[in-house]
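Rule-based calculations on the coordinates, nothing more; no lab input. In this text, all values refer to a predicted model and were calculated from it rather than measured experimentally. Glycine gets a Cβ as well: all are built from the backbone with ideal geometry, and neighbour counts include every protein chain shown.
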Amino acid sequence: MSSKHFINDPTHLVNSALHAVTLTNPSVALDASNKIIYARPGTSPDGQRVSIISGGGSGHEPSFAAMVGKGLLSAAVAGTIFASPSAEQVRAAIMGRVDHHSQPDSQGGDSGVLVTVMNYTGDVLNFGVAVEKARAAGVNVEMVVVGDDVGVGRAKAGKVGRRGIAGTVLVHKISGALAARGRSLQEVAKVARLVSENLVSVGASLEHVHVPGRRNNTAKAGKEDDGGLEDGEVEIGMGIHNEPGSSREKDIGLTQLVGKMLKQLLDQDDADRAFLRVNSNEVVLLVNNLGGVSVLEMGGIVTEVVTQLEKAYNIKPVRILAGTYMTSLNGLGFSISLLNVVNTDIGGPGMIELLDHPAEATGWAAPIQKHTWEAKNMATREQDTDMIEGETKPSGLKMADPKAAHAVLKTALENVIQVEPEVTRYDTVVGDGDCGIGLKRGAEAVLKHLSEKPFTGDAVVDVANIVPVVEKNMDGTSGALYAIFLNSLVAALRSQASASAGEASPKVWAAALRQSCESLSKYTPARPGDRTLVDALYPFVETLEKADGDVKKAAEAAMSAAEGTKGMKASLGRTVYIGGSGFEQVPDPGAWGLAAFFLGLAGIKPKPAEDGSKLAVHGSSKAGPVEVESKPVDDGWEKV
C-alpha cells in the first residue's frame, strides 16, 4: 500500500473535503460542526415531500456527501475516516438540516424523512438512535438498511448479514428520483427496500489501503504486517474498509478474476451466496472504481465484465454505469453490482425511469445546471442542533405513585452500581473489562438527574427526561442499544396513553416495553441465546406481560436467564473475537448487570457473599462469584 498523502491530518482532510463539495455544487451547504452536507433551502424540486438522508464513514467519496443534490440525497452525514458518524450528528441532520412533516398531506400519503444506511453495526446503531429520537419527537421517519455484498457468504456473515457496498448508490439514485417526483414516504421507502432486495455486489482489490495519519508498519518481502497483499495477489470479496473477503488468489488474470466474481453474484448452486435470482429481462450493471484504478484500466475492466455477462449468462444490461461512485480511499480495486429490475407496484414510474431521472450532484454522472450557478443561492439553515431536547409535551399517562416509582428506580440503579465489581470481573474474562464501569457511569448519572429533577408523574415526560442522560454518559454498543430502547419506550408509552384511560398500569408498561423490544430488534440481530444483554431483557418483558405486571417474577426470570448465559457461546459482540473458554466460566456481563437492575425494580438488593469478599444477589441460585486471574503463558496471556 502507499502511505504517501498530500494531507496527513485526518481531521483537516475530512473537513476540507466536505467544504470542497460546497465549492463544486452551489446548491448544497455544510454544517461543519456536525459534518453534514445538505441541500440549501429552496433547491429541492417543487412538490417534493420526502427528504432522504444517508451517510457513513469518510473515505468512500463521492459517497455520500457528493450525492447530495436535486434528485438524489437531501443530506449526508460524515463520520471520521472509516468510522460511523455519531447519533447526535444524524439527529441534527434529521431535525434541523432537511424538510420534514409529520402530518398526512393533501394527496393522502405521508411526508417525512427516509434514512438509508449501509449494513455496518456502528452505522445501523447510531443512525437507529437518531431515527428513534426523531420518532419520539413526532417526526415521520423510515429507515432502510442496505446489504448488497456477497463477498462474505451466509455462513460467515451469520446474523450480522451482508455488508453494504457500492450498490447502495443505486438505492439512493432511484429513491431520490421518486422523492423528487413528489411521491409519499411509504412509496419511497417501499421502492428503496425493493431495490436493496434485488441488488448484489462483490469487490476485488490488489492491496489494502492506508489511512492518512496512521503509522505505516511495513514488513519484509513487500508485505504489510496488517495482512496486506503480496505482489501478484488479489483478494476477492474484500470490503471497503480492508475487511477480509472470501479468498486470495495468486497470479490470476482479469478474465479469470471477473469470472470468479460473476460466479459469486450469479451461481444459483452456491447456497452460501445465492442471494438473488436474476430472472427479469432488465438488469442494471454498475462497475465501480474503489479509488485507485486508472480510467484507462477501468475501461478494460468494464469491457471484460460486459463480455462475460453476455457470453456466460446471456445477460445484456439495459443500463451500464461505470466510474467512481463509492471508494475505499485510493483502493486499488473495483466492484461489480447487478440490479434485477422488477415492478415497483406503485403505479409507475419504474426503476429504469427513475434511474434515468435527472440528478444534480457532483457524485453522480449529471452536470450542475446553468441556472443553479446563476441563482447564487446563499441561503443556509441556522437552527441550533445542539443536544437540547426542550420540554417533552405531557402525555396524560400518569403514574399511580411517582414517589414510589422514584424510590424503586433509585434502588435498581444502586444495584447496578453495587454489582459493578462483579460485572467487571466477568467482562475481564470475556470482554475488554469496561462493561461494569459503563453501566455504573450511566447509573450514577441517572441518579444524579433524579436527585435534581424528581418525577413529574407523567410516565412519558419522566422517561424522556432520562433518555439524554443515558445517551451522554453511556458509550459503546451497549450505550447505543439502551438509547434506542429508551427512545422507542418514550414513543411506545405515548402511543399507549390514549388506550389506557390515562393510567400507567403494569399492563401498560408491559405493552410499551414489548413495543420497545420490537423496535430494538430492527437495529440489532441479537436475540435470546446470543449471549448479550437481550438474554435478560426479553425474559423480563415476556414474564411481565404474562404475569400481569408481577415485577418480582419478571426480575427472577431475567436473572435466571442471565445465569443461563454461563457456558453459552456468543454469536455477537466482542466475545466472538476474543475466543477462548472464558464463556464457560462466567455469565454474560451485560445480561448480568441488567438482571441486577431488574431485581432492584422488584425491591431486591445485592448482599455481601458469605466470605465478604464479593457481591451476590438475593434469589440467585447459580450466581457464584468468579475470581479472575491472569498468568503469562508462552503464546500470550491466558485468562483463568
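Give me the aspartates and glutamates in straight-line cross-link reach of residue 410: C-alpha distance below 20 Å, same-chain residues under 8 apart excluded.
Cα-Cα hits under 20 Å: 401, 420, 422, 444, 452, 458, 462, 471, 550, 556.
Taking Cα pairs under 8 Å and at least six residues apart, what relative contact order does region 10-361 come out at, in percent?
18 percent
Apply the Karplus parameterisation 6.51 cos²θ - 1.76 cosθ + 1.60, with θ equal to phi minus 60°, to every residue of region 170-181 and state each ³J(HN,Hα) to the nearest whole Hz, in sequence, with x for glycine and proline.
6, 4, 4, 5, 6, 5, x, 5, 5, 5, 5, 8
Using each residue's phi in region 515-528, evaluate 6.51 cos²θ - 1.76 cosθ + 1.60 at θ = phi - 60° and report the 3J(HN,Hα) Karplus result to the nearest Hz, with x for Gly and Pro.
Once θ is set to phi - 60°, the couplings for region 515-528 become 4, 5, 4, 5, 5, 4, 5, 6, 10, 9, x, 4, 9, x Hz.
Please give the net charge around residue 120, taking every other residue with its beta carbon less than 13 angstrom from that of residue 120, where Lys and Arg add +1 and Asp and Glu add -1.
-2
I need the P(r) histogram for the chain: all alpha carbon pairs, bin width 20 Å from 0 out to the longest distance, whole percents.
Each 20 Å bin holds this share of Cα pairs: 18, 48, 31, 4, 0.
Non-local amide H neighbours of residue 70 (under 5 Å, H modeled in plane, Pro and chain starts lacking H): which ones?
For residue 70, whose amide H was placed from the backbone, the distant partners under 5 Å are 360.
Within the P(r) computed for region 402-617, what percentage of the Cα pairs occupies the region above 23 Å?
The calculated P(r) of region 402-617 puts 43 percent of pairs beyond 23 Å.
Provide the per-residue ³J(HN,Hα) series for region 190-204, in order, calculated from phi with Karplus coefficients 6.51, -1.76, 1.60 and θ = phi - 60°, each as a whole number of Hz, with x at glycine and proline positions.
Ordered by residue, 3J(HN,Hα) equals 4, 5, 4, 5, 5, 4, 4, 6, 10, 10, 9, 9, 8, x, 8 Hz.
Using 7 Å Cα-to-Cβ label points, what is the residue 499/residue 159 separation (nm, one decimal)?
2.7 nm
Helix 476-497 against the longest principal axis of the chain: what's the angle in degrees, Cα atoms only, rounded to the nearest 10?
80 degrees
How far, in degrees from 0 to 90, does helix 534-546 lean away from the longest principal axis of the Cα atoms of the chain, to the nearest 10?
So the inclination is approximately 60 degrees.
If one takes the longest principal axis of the Cα atoms in the chain, at what angle in degrees, from 0 to 90 and to the nearest 10, does the Cα axis of helix 87-96 lie?
Roughly 70 degrees between the two axes.
Work out, step by step, the length gained on full extension between residue 214 and residue 514: first 0.36 nm times the residue separation, then minus their alpha carbon distance; give nm to one decimal.
So the extension gain works out to 103.6 nm.
So in region 10-361, what percent of DSSP beta bridges are antiparallel if you round to the nearest 5?
Beta bridges within region 10-361, antiparallel portion: roughly 55 percent.
Cα-Cα over 30 Å: which of 453/552; 448/569; 546/605?
Table pairs above 30 Å Cα-Cα are 448/569.
When DSSP beta bridges are limited to those with both residues in the chain, what percentage is antiparallel, rounded to the nearest 5?
60 percent
Can you list the residues, at least 5 places off or on another chain, whose amide H is less than 5 Å from the amide H of residue 146, using H built in the peptide plane?
Correct list: 117, 118, 119.
Multiply the residue separation of residue 384 and residue 249 by 0.36 nm, subtract the distance between their alpha-carbon atoms, and state the gained length in nm to one decimal.
Fully extending the segment from residue 384 to residue 249 adds 43.4 nm.
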